[in-house]
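Since the structure comes first, as structure tokens, the remarks are kept for the end.
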Amino acid sequence: MSRELKKTDLEQAAQIALEEAKKRGATAAEVGLSQSQGLSVTVRQQEVETLEHNNDTGMGITVFFGQSKASSSTSDLSLPAIREAVEAACNIARHTQPDEAAGLADPDLMARDFPDLSLYHPWDLSVEKAIELATECEAAGLDADDRISNSEGATVSSHNGKRIYANSHGFIGVTDSSRHSFSASLIAKDGRGMQRDYWYDMARDAADLDSAASVGLRAAQRTLARLGAGEVKTGSYPVLFSADVAPSLFGQLIAAIRGGALYRNASFLLDKKGEQIFPEYIHIHEQPHLAKALGSAAFDAEGVATRNRDIVKDGVLQDYVLDSYAARRLGLETTANAGGVHNLTIDSTTDADFEGLVKHMHKGIIVTETMGMGVNIVNGDYSQGAAGFWVENGEIQYPVDEFTIASNLQDMFMALQAVGSDVDVRGKTRCGSVLLEKMMIAAA
């Protein structure tokens with residue numbers, strides 16, 4: 001449909017799909033619908049490089065015939081198209097092998113309360129204003145220093161969306177949300193070579209964004225700081241992950257306690273529930289109902305009510321990350337994580353911010369970027385290319401790049417000495433800089 005669909009139109013499409021599935025003999029069904037509109041403008045060297053509008057609508061339908069399951073999708077929400085999509089899913093399901101773990105989530109677990117999480121803050125952003133802001137962002141970076149020699153562009157984006165999930169339990173949930181951002185990527189050059197770096201800010205509400213100019217200036221400062229890279233001697237050193245990199249470390253934790261890895265016996269944390277995997281001062285938990293947060297949700301992708309819950313408390317693994325399918329495979333109950341975790345929060349263990357942790361580390365490596373795919377969730381082996389800074393006497397001495405950091409995730413988790421107060425809230429994982437006691441560092 002070319003016109004903008006209203007909430008009631010989307011709900012009606014969901015109900016039609018569920019009714020059509022029932023008519024065709026499905027014992028259960030679920031449907032997800034989404035509609036998004038957005039504007040993205042990129043300026044490079046003060047000229048508009050890309051200007052994109054999007055207005056997308058889609059529906060996915062999953063049907064169950066007993067415990068045989070099949071899915072189909074359509075971007076056309078006309079009645080004939082919905083019927084065709086449902087019919088296609090039903091035809092496939094009739095020829096699909098039953099899976100004893102397949103099915104909707106337990107009806108008793110469906111969300112019944114829908115708190116206002118303040119996720120929807122549309123931004124009345126014209127193309128002209130977006131161009132102006134992107135130009136301002138890039139100019140602030142380019143003008144910061146004569147050594148800023150080039151730009152990979154500055155981007156302003158604004159997106160609004162609506163998602164509906166409904167199933168044959170009678171559940172229907174609607175989520176309106178927005179996401180806005182500034183970003184800039186710059187290149188600096190001196191007598192020893194060229195370096196690039198970037199910065200960005202992202203928020204539900206445009207009023208919460210840093211100014212476009214400050215984002216461009218921060219990108220310039222980060223880029224300039226990487227000039228004149230030195231070398232590091234191979235050895236074992238303390239490592240400080242900056243707050244914008246630290247979430248990747250906890251992403252490995254989530255990957256290892258996710259249901260799919262567990263029921264496939266493909267995780268180094270298999271059967272570790274109830275055991276200590278971090279020092280006793282580490283607390284990791286979900287906070288799905290934080291206002292304006294990027295990971296907030298009243299219900300997961302199966303309609304299950306979300307709740308605050310501990311994942312690691314006093315260093316002990318309290319629970320896994322499960323959807324209903326994985327939970328059945330494991331003989332457990334879903335943790336309301338169909339679709340992922342909701343505001344994974346790693347509590348700060350100290351009042352020290354990034355600079356304070358640098359002083360505390362005294363000597364070692366700061367990691368500000370990781371590269372590569374060198375993480376094995378099955379055995380926990382960790383090896384990544386990295387860039388960052390060498391620290392001595394509690395102060396940054398010079399940038400370093402093209403080195404490798406290596407260890408095992410079990411050892412890294414237990415070697416976690418501190419989580420800083422400089423919490424980064426620009427994503428679905430909220431934590432500060434993370435100091436590890438030691439890792440192996442190898443020069444390129």
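The values are calculated or read from the model by the stated rules, or taken from the named source; none is laboratory data. Everything quoted here is computed from the prediction, not taken from an experiment. Heads up, the Cβs are rebuilt from the backbone with ideal geometry, glycines too, and the neighbour counts pull from every protein chain shown.
Here are the numbers for this structure:
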item	result
Scan of the range 348-383 for residues that are among the acidic types (D, E), surrounded by fewer than 16 Cβ atoms within 10 Å (Cβ to Cβ) and touching a residue at least 60 places away in the same chain (Cβ under 8 Å), ordered by number	D351
Check on T349, within 25 Å of the chain's Cα centre (by Cα), modelled with pLDDT of 95 or more and either within 29 Å of G260 (Cα to Cα) or assigned to a strand (DSSP E or B) (or both)	no
Members of the range 71-107 found to be over 16 Å from G60 (Cβ atoms), of a type in the set (D, E, K, R) and either in contact with a helix residue (DSSP H, G or I) (Cβ under 9 Å, 6 or more places away or on another chain) or assigned by TED's automatic domain parsing to the domain that holds G259 (or both), listed by number	D99, E100, D106
Set D401, D424: member being of a type in the set (D, E) and either in contact with a Cys (Cβ under 9 Å, 6 or more places away or on another chain) or not assigned by TED's automatic domain parsing to the domain that holds H283 (or both)	D424
Any hit, the range 397-412, residues being acidic (D, E), touching a residue at least 24 places away in the same chain (Cβ under 8 Å), in a strand (DSSP E or B) and under 22 Å from A255 (Cα atoms)	no
Test: residue in the range 79-96 that is at pLDDT 95 or above, assigned to a loop (DSSP other than H, G, I, E, B) and either touching a Pro at 6+ places or on another chain (Cβ under 9 Å) or within 25 Å of A207 (Cβ to Cβ) (or both)	no
Qualifying residue in the range 334-342 (condition: in contact (Cβ under 8 Å) with a residue 24 or more places away in the chain, under 30 Å from A203 (Cα atoms), among the small types (G, A, S) and crowded, with 18+ Cβ neighbours inside 10 Å)	yes
Filter result (assigned to a helix (DSSP H, G or I) and in contact with a helix residue (DSSP H, G or I) (Cβ under 8 Å, 6 or more places away or on another chain)) within the range 224-263	L249, Q252, L253, A255, A256, G259, G260, A261, L262, Y263
Odd one out for Q15 among (1) of a type outside the set (A, V, I, L, M, F, W, C); (2) farther than 30 Å from G216 by Cα; (3) in contact with an Asp or Glu (Cβ under 9 Å, 6 or more places away or on another chain)	(3)
One residue from D116, D124, D108, D99 being closer than 30 Å to A139 by Cα, among the charged types (D, E, K, R), at pLDDT 95 or above and outside any strand (DSSP E or B)	D124
Lone qualifier among G356, G331, G339 - being small (G, A, S), over 23 Å from G259 (Cβ atoms) and in the same structural domain as T306 (by TED's automatic domain parsing)	G356
Out of A212, A203, sole residue that is at pLDDT 95 or above and either in contact with a helix residue (DSSP H, G or I) (Cβ under 6 Å, 6 or more places away or on another chain) or loosely packed, with under 15 Cβ neighbours inside 10 Å (or both)	A212
Filtered residues of the range 274-290 (kept if outside any strand (DSSP E or B), closer than 16 Å to L409 by Cα and of a type outside the set (A, V, I, L, M, F, W, C))	E275, P279
Only listed residue being outside the structural domain of L330 (by TED's automatic domain parsing), at positive phi and either charged (D, E, K, R) or not in a helix (DSSP H, G or I) (or both), chosen from G32, G58, G25	G25
Total residues in the range 291-326, condition outside any strand (DSSP E or B), in contact with a Lys or Arg (Cβ under 7 Å, 6 or more places away or on another chain) and not basic (K, R)	4
